[in-house]
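Nothing in this text is a laboratory measurement; each read-out follows from the coordinates by a stated rule. Only a predicted model underlies this, so the values are computations on that prediction, with no experimental measurement involved. Note: ideal-geometry Cβ built from the backbone for every residue, glycine included; neighbour counts use all protein chains shown.
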């Protein structure tokens, strides 16, 4: 793994944003009874932190992420990013990375990365330059002319990350971005993501099912329970950075993972 | 030997047989006139065939505009809005099973035996598969793509132009392929039934006087028309859906589309 000290930040004045979630609730109106998907969730994320949301299926972690992205409206409560409430998608403040399938298959890698810029009418030359920078950042220099079907799963996800970062938003939201990848690629991509995060200094909120991935990547892990979805624990991961493969078998790592697992087993 | 050369050899073999079998007398000229006598018949009456081709082409082009334009428009509406879908889809699907040719005599009563009745019939004939394919193409768009576009701040019209349309192109094109082939069938068949001009009319008129070479010359022209149309669609497919070529899904679509065209022609 690449030592992080050698990474020079691409953007000297890296923008990072704070996220504030206050008393957020989500209720789905059912036929016989209402289903409470999120119950009074509050949390605060400081700029530049790497925060991972974990929890059993149906705990509302993806729902919460979609609300932070402005893609879904909460029933109650407010979400503020960089000081202003988020009411609709705002690519200036929030970049989103989805699961593998969200690249446009008819566009080349660089056109995919340019897509959010093209939506806002950024001139071609500027678009191209920014896309090249973003592709370089994720280690895909020279692959810009390929279509998604010519890229491996890991490379596709790198393109997605580049697309999420191309507008230089202070916050990057990631919804199980590595779930569709095989174990080895997943490990490599985790290291890559940490490198990119260190280089850009963004605030990252990352949703995953994998407890190992959660502890390996995070500064903080937020554990949620299902039905109703609420926060049951908020752990600080004090492991030194850069994270290494050897830490996975260490006692500190194991203790954190066990603590999360106990919460999840209880609520599942 | 590659499949392609083998295919070419089979076609050449069939052409040679077409020439030889009638000449040797194995098949009477009435059933199958030799290729050369067919070509000569077409050549000597080139003006007549040219005029008929112009009429048929005009009908095909206008019907195709109606069938494809209407099919794509209505398919897009039905594919993207659930309410009209529930209302219209069951009707369209059952209509698809009806042999629409039974409507043609009605059209001749309404519109006369000129081009109008052919255009009306062929338009409806080609409209259904185009519409169904467009609706299916739009319904099967990955919702993740639309969500991703929304997260990047795409407005409704931007999502339509930059996501929905390009994503639907491959399915729409395979629908156009089937729909267009049906338009050609519709025009030629209706010309053969009741009409006063066009290739179908020539075929049916020469058949009644048992002039086989002239019948087959007309058949050759229709064949030529269908092959040209198919080649044109393939060319557009290759240009527009470049991202699908080379993937397994792309090939599967291709096979399915050409397979689906078989019963039509």
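Values as computed for the structure displayed
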{"quantity": "Length-normalised contact order for segment A:101-168 - Cα pairs under 8 Å, 6+ apart - percent", "calculated": "47"}
{"quantity": "Estimated FRET transfer efficiency (residue B:160, residue A:252; beta-carbon r; R0 41 Å; 0.05)", "calculated": "0.20"}
{"quantity": "Cα-based shape type of chain B, given that a ≥ b ≥ c are square roots of the gyration tensor eigenvalues and the cut on a/c is 1.5", "calculated": "oblate"}
{"quantity": "Pair residue A:40, residue B:3: separation of 7 Å Cα→Cβ label points (nm)", "calculated": "6.6"}
{"quantity": "Rounded to 10°, Cα long-axis angle of helix A:109-119 versus longest principal axis of chain A", "calculated": "70"}
{"quantity": "Chain B: relative contact order as a whole-number percent, Cα under 8 Å and 6+ apart", "calculated": "24"}
{"quantity": "Cα convex hull volume per residue for the protein assembly as shown (Å³)", "calculated": "209"}
{"quantity": "For B:162-170, mean number of other protein chain Cβ atoms within 10 Å", "calculated": "2"}
{"quantity": "Ranking of A:227, A:257 by count of other Cβ atoms within 10 Å, fewest first", "calculated": "A:227, A:257"}
{"quantity": "Residues residue B:103 and residue B:77, FRET efficiency given R0 of 25 Å [Cβ-Cβ distance, rounded to 0.05]", "calculated": "0.60"}
{"quantity": "Choice from B:207, B:150, B:85 showing the highest fluctuation, given a GNM over chain B with Cα pairs closer than 10 Å", "calculated": "B:150"}
{"quantity": "Packing rank of A:200-210, B:133-143, B:170-180, A:124-134, where each peptide gets the mean count of other beta carbons within 10 Å, highest leading", "calculated": "B:170-180, A:200-210, B:133-143, A:124-134"}
{"quantity": "Choice from B:35, B:17, B:53 showing the highest fluctuation, given a GNM over chain B with Cα pairs closer than 10 Å", "calculated": "B:17"}
{"quantity": "Fewest-first sequence of A:187, A:224 by Cβ atoms within 10 Å of each Cβ", "calculated": "A:187, A:224"}
{"quantity": "Span from the segment A:83-150 Cα centroid across to the segment B:83-153 one, whole angstrom", "calculated": "36"}
{"quantity": "Sequence-separation-based contact order of chain A, relative, with Cα cut under 8 Å and 6+ spacing, percent", "calculated": "28"}
{"quantity": "Overall form of segment A:71-209 per C-alpha gyration tensor (a/c, 1.5; a/b vs b/c)", "calculated": "oblate"}
{"quantity": "Test item: B:19-27 mean partner chain Cβ contacts at 10 Å", "calculated": "0"}
{"quantity": "Helix B:248-261 vs. chain B, principal-axis angle (Cα, 0 to 90°, nearest 10)", "calculated": "40"}
{"quantity": "Cα gyration tensor, chain A - rounded (a/c under 1.5), prolate or oblate", "calculated": "oblate"}
{"quantity": "Peptide A:105-112 - average C-beta neighbours from other chains (10 Å radius)", "calculated": "3"}
{"quantity": "In degrees, nearest ten, helix A:153-165 long axis to first principal axis of chain A (Cα)", "calculated": "90"}
{"quantity": "C-alpha center-to-center spacing [segment B:21-67, segment A:234-268] in angstrom", "calculated": "79"}
{"quantity": "Order of A:194, B:87 under a 10 Å beta carbon neighbour criterion, fewest first", "calculated": "B:87, A:194"}
